[in-house]
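Since the structure comes first, as structure tokens, the remarks are kept for the end.
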Amino acid sequence: MATAGTIKWFADGLLALSTTGAGGIHLAADTLKMGIVTGVTPTIATAVPAWGAGGSTNYATSQVTPGGNYATGGPTLASVTWTTVAGVPTLRATDITISQHASNFTNGRYAIFYSDTSTNKLAFAFMALTAADADTLNGVTGDIVINFQGAGTDLLTITQS
């Protein structure tokens with residue numbers, strides 16, 4: 001089981017949420033995915049993060065080697081909702097499990113959340129997969145469970161003060 005860090009939002013990813021048309025990210029309608037990378041450290045200031053060549057920063061080039069129960073591009077988020085919960089805008093998805101397999105990766109460091117629907121596959125968030133930033137996650141020795149923060153399934157809540 002993964003002891004993951006807090007989900008952090010790319011500044012340019014949040015900006016893309018307000019963009020209309022095929023180039024933006026539409027949380028309620030797009031296919032959202034979670035790619036796993038190694039050898040790169042994302043920051044909230046990463047310029048135009050994407051899962052492919054469409055942005056300034058292409059995280060797909062740092063993807064762990066696909067195999068076993070991890071497919072190219074990573075798993076698709078399931079049961080995604082972008083709604084208001086008790087007056088708070090909330091993005092939810094079902095927790096993700098990548099079952100143990102002898103051919104899974106052994107060097108996952110960060111999860112990159114992106115829209116597989118947007119023109120440039122724009123990324124909007126990232127999360128450390130281990131408590132210690134330099135450690136890596138191993139899918140060969142056991143299941144990988146990404147347990148989202150909050151009420152079990154909350155990826156994002158926007159609370160005004």
Per the filter on region 1-17, residues part of a loop (DSSP other than H, G, I, E, B) and at pLDDT 70 or above are Thr6, Ile7, Phe10
Selection from region 94-110 of residues at pLDDT 90 or above and under 15 Å from Ile146 (Cβ atoms) yields Ile96, Thr97, Ile98, Ser99, Gln100, Asn104, Phe105, Gly108, Arg109, Tyr110
Scanning region 92-139 residue by residue, the ones that are surrounded by 24 or more Cβ atoms within 10 Å (Cβ to Cβ) and of a type in the set (Val, Ile, Thr) total 1
Quick count over region 111-149, residues being assigned to a loop (DSSP other than H, G, I, E, B) and of a type in the set (Gly, Ala, Ser), is 6
Filtering region 80-110 down to residues that are of a type outside the set (Gly, Ala, Ser), over 19 Å from Tyr70 (Cβ atoms) and not in a strand (DSSP E or B) yields Val80
- Looking only at region 82-91, decide whether some residue is at pLDDT 90 or above and surrounded by fewer than 21 Cβ atoms within 10 Å (Cβ to Cβ). no
Here the residues within region 104-122 that are in contact (Cβ under 8 Å) with a residue 60 or more places away in the chain and of a type outside the set (Ser, Thr, Tyr) are Phe105, Asn107, Gly108, Arg109, Ala111, Ile112, Phe113, Asp116, Asn120, Lys121, Leu122
The lone condition Thr46 fails out of (1) in a loop (DSSP other than H, G, I, E, B); (2) under 15 Å from the mean Cα position of the chain (by Cα); (3) at pLDDT below 85 is (3)
Checked region 53-76 for anything in a loop (DSSP other than H, G, I, E, B), touching a strand residue (DSSP E or B) at 6+ places or on another chain (Cβ under 9 Å) and modelled with pLDDT of 95 or more; matches are Val64, Gly68, Asn69, Thr72, Gly73, Gly74, Pro75
Can you find a residue in region 33-44 that is surrounded by fewer than 13 Cβ atoms within 10 Å (Cβ to Cβ) and closer than 23 Å to Ile158 by Cβ?
-> yes
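The values are calculated or read from the model by the stated rules, or taken from the named source; none is laboratory data. No experiment lies behind these values; they were computed from the predicted model shown. Every residue, glycine among them, receives a Cβ derived from its backbone with ideal geometry; neighbour counts consider all protein chains shown.
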